[in-house]
Amino acid sequence: MYANVQYPDNRKYFLYNAVHKNVTLLTVAKKQVHRPFMGRPVKFDKEKALDAAMDLFWEHGFEAATISDLSDAMGITRSSFYNSFESREKLFEDVLNHYSNAAPDNFLNFIKPGDPVLPAIKKLFDDISTVRTGAPTARGCLLINCLGELSDSTKELSLVRIKFDAKLKRFEELLEQAKQQHELPKDFDSGTAARELLTFLVGINMTSKVIRDEETLSNLSHSFLKTHGLLAQPTSLET
């Protein structure tokens, strides 16, 4: 049988074993109530903050954009930066998603079966010509700029490659849809054409940093599409 002897300070107990005459000292720490720190909620427009970070990455590149630069551009403190975005790398990922959602080719993701494909592809390159030449500075495409800046082993470059893999996959899906809808011949090589479209997409965005004339860029795009059998007549998509 066991008998407990309690010390007055309520912190130490002796457990006495009446059979074996052993005494064990047990120390019990007082329980402490931990209250979580309740900081002030971070109040800022996240969309505007992402726009500001995107502009900074676009202008200076990922490597040159420091957390201090980013915090200043977004108008937030360093603590708010870490609370909201965790790290510069995580912010970059958020910016890439933010940019992709507003990029000229994003509408391709919403083309449904039965929608005409070739007019949409023509519209894409016309939109690129309009957007790139209409920008106040010749900065091209953020994703494509990152391809030239980031080293091969970085996680950030992997994120950019994922975006381009998605573009390639979408091009091929749409070209297959165009074949099923009799916009293209049954023996049309969708895989090769998709890679050619992606290559031209990169090229026309780079060219827009040098040639700042919308009509010239559009004519280049139309010539490319015609050569590859992808040029469609104008439709309501272009209005």
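Among residues belonging to the stretch 168-211 that are touching a Phe, Trp or Tyr at 6+ places or on another chain (Cβ under 6 Å) and closer than 21 Å to P113 by Cα, point out the one that is surrounded by the most Cβ atoms within 10 Å (Cβ to Cβ). Per the stated criteria, the residue is L197. You will find that of L198, L174, L168, L150, the residue that is closer than 23 Å to R132 by Cα, touching a residue at least 60 places away in the same chain (Cβ under 8 Å) and either assigned by TED's automatic domain parsing to the domain that holds V117 or hydroxyl-bearing (S, T, Y) (or both) is L150 and no other. Filtering the stretch 205-230 to residues that are part of a helix (DSSP H, G or I) and among the aliphatic types (A, V, I, L, M) leaves M206, L217, L220, L225.
Note on the stretch 102-204: enclosed helices (runs of 4 or more DSSP H) holding 3 or more residues that are at pLDDT 95 or above and either of a type in the set (F, W, Y) or over 22 Å from the mean Cα position of the chain (by Cα) (or both) are 118-134, 155-180.
All but one of (1) β-branched (V, I, T); (2) free of Cβ contacts under 8 Å to residues at least 24 places away in the same chain; (3) surrounded by 15 or more Cβ atoms within 10 Å (Cβ to Cβ); (4) within 21 Å of F62 (Cα to Cα) hold for V160, so report the exception by its number. All conditions are met except number (2).
Under the condition of being over 13 Å from the mean Cα position of the chain (by Cα), among the acidic types (D, E) and under 28 Å from T130 (Cα atoms), the residues counted in the stretch 47-101 number 3.
The values are calculated or read from the model by the stated rules, or taken from the named source; none is laboratory data. Note that this is a predicted model, so its numbers are computed, not measured. Every residue, glycine as well, gets a Cβ built from its backbone with ideal geometry; the counts of neighbours run over all protein chains shown.
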